[in-house]
Structure formats: structure tokens, C-alpha cells
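Below: one structure, written as C-alpha cells.
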Amino acid sequence: PTLRPHQLEVALLRDEAGQITVDTIPAHIDGERTEVPEAAGRAKPDLVFPNWGDHAYAKVTLDPQSVEWVRANIERVEDQLLRQLLWSSIWNMVRDQQLKSTDFLGLVREKAPLEDIAVLDGILGQALTALTRFVPEERQDEEAHRFFEAALAALQRAPGGDAKIIWMRTLVASAMVPDDIAVLGRLAHGDETVEGLAVDQDMRWSIAAKYVAYDLRGAQERVRAEIERDPSDRGQRAKLRCEISMPQAAVKRAAWERFVGEGYGTLKLTEAAMSGFNWSKQRELLRPYARRFFEDAAEIARSRDPEYFSSFVTLLFPGYRVEAETLERSRGLITEIDDELPMLARKLREANDELERALRCREFAA
């Protein structure tokens, strides 16, 4: 609630005869509203950014005209820091329900392929969060497919090296419909190729896990091929993740009993198994465990070492269920254990914060 003073510089951007100019003027911000006398008499800018140089510890919301200008022109801003700050502001507006997640994804599809590699990874990570957390459930498949197609096109055009790797990882992460996962399978198998692209082993395991989780043809053969290719400790953990990803009630039941029982021998193996348990597309199959988590979490916190407890909450909290029911159950558990198990209560509050934000963002986008 505290309004702190800021000494900063305001950037005024104008598109003049195809050339973007940036004028900066000093401003002392104090209180809810501040006039900037130095701006008086100047031509109206196309975009106003009140934190040029990132001197203020502040979150900037762009006005509607500036948002529209960013949508059309952000790749033309030559100042990399300013461009980065504009992307950051746009993302914060999505998180704060001032810009729809679907509109943000449209901007990323169009403009991210034009971005410098120094900021590309962060933008694509935000887009994946928007896609999986902030897009309404009924629109996720459509948005995921549109994003996948844009990422595939960007992958094909990207220069070699890190850019290709970043786009391929994004392609793998964004595949949420069977046809798109099948494209990944063909890329991994070599049936389709992209010049300059090498599909690394981590990507191959991620693709295999998606084949299993979505119950696609050839899933088990793919897992067997990958473990022959990668029999290392990493490969054994990835194979276990694939096994737990199977959309079968018996598999999920046996895995949960291990999670609340003896685990899988080592923490790393148990974490690998946990990472394959929750899949949004298996939500009906997993419905009983959305309840079991809140029944079992307190006992895990009481009886297990902090590392195991932390992994249990982090990997098995049913945050993929962006629903008021999940939030109510979590709040109910906090009420029960707050004084007794403060670490669990804290972790649940953190998870709830993200869940509440996701709920608000989905409602706003809808």
C-alpha cells in the first residue's frame, strides 16, 4: 500500500518517417499521480515508457496506445534493454489481468521469431507458462496447436546453434495435441528433418514421455529404443518417469502407494517417478489423487526428511487442476496444520498464490 517516490527517466518513442526516435526526460514520481513538466509542448509520442534505463524498482503498465504500438513495432526498437523492459511489462500485464493470455501468445507467435537470442529464451518461457496456466481450459488445445505451428516455422528458419536448441525445446514443451506430438516423434526418429538441428537426448526422453502419457502408437517401442541409446543413470530416471506417465489406473495407484510408502530407493529416482505422475490430459484418471494429496501431505511433512517432503509438495501438488475446488482444499489444509507444520503451510500458500493467479488470468482471458 506504500507509494514510494522514484527518480526516473521517461522514454518517449516516435515513429518519424520510418525511423524510431527515443527522447528521454527526467521525472520525479511521488504520490498517486505526477505531472512531468518537461513533456509539455512536445509532439505526442507513439509510446510512453516511464522507466527508461530500468533505474526505478517498479512494475510498469503500458497505456492502451503504447500496447498497440508494441504489438505492431516492438522488433524495431533497437535499444535491447528497452525492448526487454517492454516485453517484461507486457508479461506483467498478463499476470495482472490487464492483457489476455491469448493476446500475449499472439504477440509471441508473431514477434518472438524476430527477437535477439539474448531475450528469446525468457519470452518463450513466459509464453509456455501462459499456454499451460493462463489460457482457459476449453481453448488450450487450439492455442497450443497454433503456438506449436509457429514454433515449428521459427525452428526451420532459425540460424544454427543456440537458437535452434531454444526453439526445439519450446516445440517439445508446447506439444499438447496428439498430431503435434507425432511431429516430434518424426523429428526424433529422423523421418522429418530440420537443417542444422540435432535432437539431443533430453529432448528425446521428453518426447518419449509425451508419447506414453498421451497413449500414442509406438510409445513403448520408443521408450525401449531410448533406454538402449541412453542406459545411464539419467536414462534410468527418464525411463521410470515414462513408466509412471502411463494413463492406467493401476500404474497411478501403485505409484502413489510408493510415494507415501517406501519411495523408489533414492530421492532422485522418486523425484523422477513423481515428475511423471501429473499430466493435465489425464485429469479424470487423476481425480482421486487431487484429493489424496491433501489427505497425505501432512503425514509426509511429519514423517519424512525435508528434501523428500519438499519434492512431494512441489511435484505432486495438483496445480494442473486450475479450479476453485483445488484452492478450497488447499486452504482447508492450511487451516488444519498452520501452527503445527509451518513449512507445509508456507509451500501451500505459495502454490495457492500461483493457482489463484492462474484462475484470475483464465477468467480474464475468457
*asked:* Can you tell me the orientation of helix 80-95 relative to the chain, as the angle in degrees between its alpha-carbon axis and the longest Cα principal axis, to the nearest 10?
replied: 60 degrees
*Under the Karplus curve 6.51 cos²θ - 1.76 cosθ + 1.60, θ = phi - 60°, whole-Hz ³J(HN,Hα) for segment 285-291, x wherever Gly or Pro sits*: 4, 8, 3, x, 7, 5, 7
*Kirkwood hydrodynamic radius for segment 286-366: how many Å is it when counted over pairs of different Cα atoms?*
12.9 Å
*Across 5 Å bins from 0, what is the distribution of all Cα-Cα pair distances for segment 204-247, in whole percents?*
6, 29, 38, 19, 7, 1
_Under 18 Å, Cα to Cα: Lys pairs in the chain, sequence gap 8 or more or different chains_ = 9
*Under Stokes-Einstein, with the Kirkwood radius over Cα pairs standing in for Rh, what whole-number D in µm²/s applies to segment 16-95 at 10 °C and 1.306 mPa s?*
115 µm²/s
*Got a sec to turn the phi values of segment 211-221 into Karplus ³J(HN,Hα) couplings, 6.51 cos²θ - 1.76 cosθ + 1.60 with θ = phi - 60°, whole Hz, x for Gly and Pro?*
4, 5, 4, 8, 6, 8, 4, x, 4, 5, 5
*asked:* Give me the Å³ per residue figure for the convex hull around the C-alpha atoms of segment 133-182.
replied: 72 Å³
*Charge dipole (the chain, unit charges on Cβ, about Cα centre) - positive-most of ILE207, ALA112, ALA11*: ILE207
*Convex hull volume per residue in cubic angstrom - Cα atoms of segment 56-99*: 70 Å³
*Looking at segment 272-357, which trypsin sites (Lys or Arg not before Pro) are in a loop (DSSP not H, G, I, E or B) and have at most 16 other Cβ atoms within 10 Å?*
ARG283, ARG304
_Alpha-carbon centroids, segment 20-55 and segment 223-257: separation in whole Å_ = 56 Å
*asked:* What's the magnitude of the charge dipole for segment 127-174 around its Cα centre, counting Lys and Arg as +1 and Asp and Glu as -1 at the beta-carbon? Answer in Debye, nearest 20.
replied: 280 debye
*If you wrap segment 165-283's Cα atoms in a convex hull and average its projection over all directions, what's the area in nm²?*
7.5 nm²
*asked:* Binning at 5 angstrom from zero up to the longest distance, how are the C-alpha pair distances of segment 220-318 distributed in percent?
replied: 2, 13, 24, 24, 18, 11, 5, 2, 0
*Rounded percent of accessible protein surface that carbon and sulfur make up, the chain, 1.4 Å probe*: 48 percent
*In terms of the ratio Rg/(2.2 N^0.38 Å) built on C-alpha atoms, what value belongs to segment 45-204?*
1.09
*Relative to the longest principal axis of the chain, what angle (0 to 90°, nearest 10) does the C-alpha long axis of helix 324-337 take?*
70 degrees
*Along the principal axes of its C-alpha atoms, what lengths does segment 306-353 span, in descending order and rounded to whole Å?*
28, 22, 13
*Find the Cα radius of gyration of segment 130-222, compare it with 2.2 N^0.38 Å by division, and give the number to two decimals.*
1.05
_Probe 1.4 Å, protein heavy atoms only - accessible area per residue of the chain in square angstrom_ = 49 Å²
*asked:* Please list LYS268, LYS44 from largest to smallest accessible area, probe radius 1.4 Å, with all protein chains kept in place.
replied: LYS44, LYS268
*Please give the per residue volume of the convex hull enclosing the alpha carbon atoms of segment 69-157, rounded to a whole number of Å³.*
87 Å³
*Treat every Asp and Glu Cβ in the chain as -1 and every Lys and Arg Cβ as +1, leave all other atoms uncharged, and give the resulting dipole magnitude about the Cα centre to the nearest 20 debye.*
940 debye
*Taking the chain, how much of its Cα-Cα pair set, in percent, is spaced more than 33 angstrom apart?*
41 percent
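The values are calculated or read from the model by the stated rules, or taken from the named source; none is laboratory data. Quick caveat, the model's predicted, so the values are computed rather than measured. Cβ: placed from backbone, ideal geometry, glycine included. Neighbour counts: every protein chain shown. Surface accessibility is based on the protein's heavy atoms, side chains included, excluding ligands, DNA and RNA. Shrake-Rupley method; radii C 1.70, N 1.55, O 1.52, S 1.80 Å.
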